[in-house]
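Engineer: Can you keep this structure in mind? I'll have questions shortly.
The values are calculated or read from the model by the stated rules, or taken from the named source; none is laboratory data. The structure presented is a predicted model; accordingly, all values stated were derived computationally and were not measured. In this analysis, Cβ positions are derived from the backbone assuming ideal geometry, glycine residues included, and neighbour counts consider all displayed protein chains.
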Amino acid sequence: MQSLPGAADLPHTRTSPLQWLLTAVAVAAVVAAGGALTPDGAHAADGGQTGPDAAAADYPLDCGERRPVVTHRASADLDHDGRAETVAVVRCETGLGTAPSSVYVLAGPGEPPRVLETLLDAKQDMSVGKFAVRDGEISATLLGYSADAPRCCPDRERDVEWHWENGRFVLEAQPVRPAGVAA
């Protein structure tokens, strides 16, 4: 890149140690602020409770040579026993399309955390869109595919919720609707 004649004499083209220090402080502040902000569902969504580590769990999902990928996670005391469980949305990585998701409830303590219950199995061939854990309820939008829909483009969706009742998770599901249509 060529500089303009006389550009080296302009004050904004010269830097001083103070400018570098101020830049470093500003970058550090932005990085620190970014670390404090996390995507929805990345931390406990129900009273700040910390549950089992979703990344450390062994999932009953066959991904060949690769480990399953946790796409969403949230912790809360779902069964009201005073200890937080973690809900993890997990899938295998694929080169093309969207792999089906599984939804697991993890319990601890223990290393690795153990799968307490499978709420959605990848064999059901659905993906999880929206996901949240609030007030002890797990909610998700499940995305599905009709026979002629490509794996990239779900054409069916269904809102579901699970809640703890009488010692087990109970599913409440809305009717299936075309993808993108408001419930």
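Engineer: Among the candidates Leu61, Leu106, Leu116, which residue alone is at pLDDT below 95 and not in a loop (DSSP other than H, G, I, E, B)?
Structural biologist: Unique residue meeting the criteria: Leu116.
Engineer: Now for a separate question. Does Val70 count as in contact with a strand residue (DSSP E or B) (Cβ under 6 Å, 6 or more places away or on another chain) and free of Cβ contacts under 8 Å to residues at least 24 places away in the same chain?
Structural biologist: yes
Engineer: Can you tell which of Lys123, Lys130 is under 16 Å from Pro60 (Cβ atoms), surrounded by fewer than 17 Cβ atoms within 10 Å (Cβ to Cβ) and among the basic types (Lys, Arg)?
Structural biologist: On the way: Lys130 fails: under 16 Å from Pro60 (Cβ atoms).
The unique qualifying residue is Lys123.
Engineer: Would you pick out the residues in the range 91-107 that are surrounded by fewer than 20 Cβ atoms within 10 Å (Cβ to Cβ) and more than 16 Å from the chain's Cα centre (by Cα)?
Structural biologist: Result: Thr94, Gly95, Leu96, Gly97.
Engineer: Applying the selection to the range 133-168, what residues are assigned to a strand (DSSP E or B), within 24 Å of Ala84 (Cβ to Cβ) and charged (D, E, K, R)?
Structural biologist: Scanning the range 133-168 gives Arg134, Glu137, Glu161, Glu165, Arg168.
Engineer: Return the only residue of Gly82, Gly95, Gly144 being farther than 21 Å from Ala54 by Cβ and free of Cβ contacts under 8 Å to residues at least 12 places away in the same chain.
Structural biologist: Gly95
Engineer: Taking the conditions exactly as written (farther than 24 Å from Glu65 by Cβ and either among the hydrophobic types (A, V, I, L, M, F, W, C) or surrounded by 15 or more Cβ atoms within 10 Å (Cβ to Cβ) (or both)), does Ala88 satisfy them or not?
Structural biologist: no
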